[in-house]
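Report on the structure given below.
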């Protein structure tokens, strides 16, 4: 039995399914939405947006996940507290006949695009039982990849035009390392050290060597320079040497320079050096100075070692301030830097979970959608009910100014004034005049019994992110204390939400 098959779920999805089946509700049309409530908060810095990722793996899984004989045997083996079978045979027979998720339709935000809190990322429509069984797998795939793609996008923001390498596979959560690599590349990393996934995504893997190479040579009585020379002889056109095993400036750098000179005499061009510890900004300045003096001004300087967006930002700030003191052009130095980011990207350091949720928002009754409601003492947890559509609102500058939730049946256009309501505060609203805004529908049909498009290339997903981030207000893109992006409701949706809340309060 495939451990990542259709039983890759929580038990309560299956027990709720049996309740629906017993009550005759299992084929009632239902509508669920997946969204998250808050942007990641990393403590010292915060995200002003996320990057949606994980949709393609979810769609592929949905096409293949099935209740086969092994899965049914596993369910048949589960017992209640009284020792009786937990699941009845007629329910298991129904699951066998149902197979998988062929009855569902998914509308989703295109993968790679920017997303915001409370806005539906995926809308799932179909038989209640099938839609319920999808919850765990959907959240598992979308939540983690979105979290990592967001972290990578922030690293990209900090790095600017510099190359970003992802090499967190060793520190990622087991099989989640594959998802982390994919999401990191969608979010803005240029290359990855992960060999298999890089190959599958059509990218060459990137890497240098570890400290252990130098350590092995030293332990056997050889020198650091001999370790460097051995690497250069095997990879003369791909030589990147790690400088900090012994002493970056007084051992690693002079030894690397001698090896680089031998390569040059043989007609080869050394690629770079890597620094993995110490004061990375100061060391980069000193290494650049000596490389320039020796005529290796094109050699790249790779920085690694617990980097994230805030550390990269600080490194760049220090270089801009300190490099001129040593006669090094800071702008030129920044252009030759490469950032290797591992652990802090693939575990979303500081914000390890996105908190995405999957909520029932409507059920079909007498041919129409009956809105479902959930209340909470926390305003952010009060559901936006009903069958909805989503728009992105652009201002006169062409920048995204709000995401707007509307009821599916209402007409929303650019030719008349548009009222935007705060989701929970009746006093907060604004009206946009025609000619001052543009609307873009966000959710697209992605699955109707089967996936509706082939897997998209990494370049397409990366370009979506680039375009969306470029259309965010600079305040929303800030790495620290970003401006709050507005998510609003139309008048009709706001009125429906208020009416349902009053009804529940009177019940």
What angle, in degrees between 0 and 90 and rounded to the nearest 10, separates the Cα long axis of helix 11-22 from the longest principal axis of the Cα atoms of the chain?
20 degrees
Can you give the FRET efficiency to the nearest 0.05 for residue 379 and residue 431, using r as the Cβ-Cβ distance and R₀ = 35 Å?
0.95
As a footprinting exposure proxy, order 148, 6 by other Cβ within 10 Å, with the fewest listed first.
6, 148
State whether region 133-206 is rounded, prolate or oblate according to the following rule on the C-alpha gyration tensor (a ≥ b ≥ c being the square roots of its eigenvalues): a/c under 1.5 gives rounded; otherwise a/b larger than b/c gives prolate, and the remaining case gives oblate.
oblate
Per q in 0.11, 0.12, 0.16, 0.17 Å⁻¹, report the Debye log10 I(q)/I(0) for region 207-334, using one uniform scatterer on each alpha carbon and no solvent.
-0.37, -0.44, -0.77, -0.86
Roughly how tilted is helix 135-159, in degrees to the nearest 10 and between 0 and 90, from the longest Cα axis of the chain?
40 degrees
Quick note on 136, 64, 208, 50, ordering by fewest other C-beta atoms within 10 Å, gives 64, 136, 208, 50
Per the C-alpha gyration tensor (a ≥ b ≥ c, the square roots of its eigenvalues), region 361-457 is rounded if a/c is under 1.5, else prolate if a/b beats b/c, else oblate; here it's oblate
How long are the semi-axes of the ellipsoid equivalent to the chain, from square roots of 5 times the Cα gyration tensor eigenvalues, in whole Å, largest first?
50, 30, 17
Stretch gain in nm, segment residue 445-residue 364, where the contour uses 0.36 nm per residue and the Cα spacing is subtracted
27.2 nm
Can you put 211, 250, 116, 268 in order, fewest other beta carbons within 10 Å first?
250, 211, 268, 116
Points 7 angstrom from Cα along the Cβ direction at residue 499 and residue 467: gap in nanometres?
3.8 nm
Return one number: the angle in degrees, 0 to 90 and rounded to the nearest 10, between the long axis of the Cα atoms of helix 176-187 and the longest principal axis of the Cα atoms of the chain.
80 degrees
Pairs of Cα atoms farther than 24 Å apart, region 1-147, %:
38 percent
Relative compactness, region 186-251, computed as alpha-carbon Rg over 2.2 N^0.38 Å:
1.36
Would you please classify the overall shape of region 266-352 from the alpha carbon gyration tensor, given that a ≥ b ≥ c denote the square roots of the eigenvalues, rounded means a/c under 1.5, and beyond that prolate means a/b larger than b/c while oblate covers the rest?
oblate
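The numbers here are math on the coordinates, done by the rules we state, and not lab data. Here the structure is a predicted model, which means the values were calculated and not measured. Methodologically, a virtual Cβ is constructed for each residue, glycine included, from the backbone with ideal geometry; neighbour enumeration extends over all protein chains shown.
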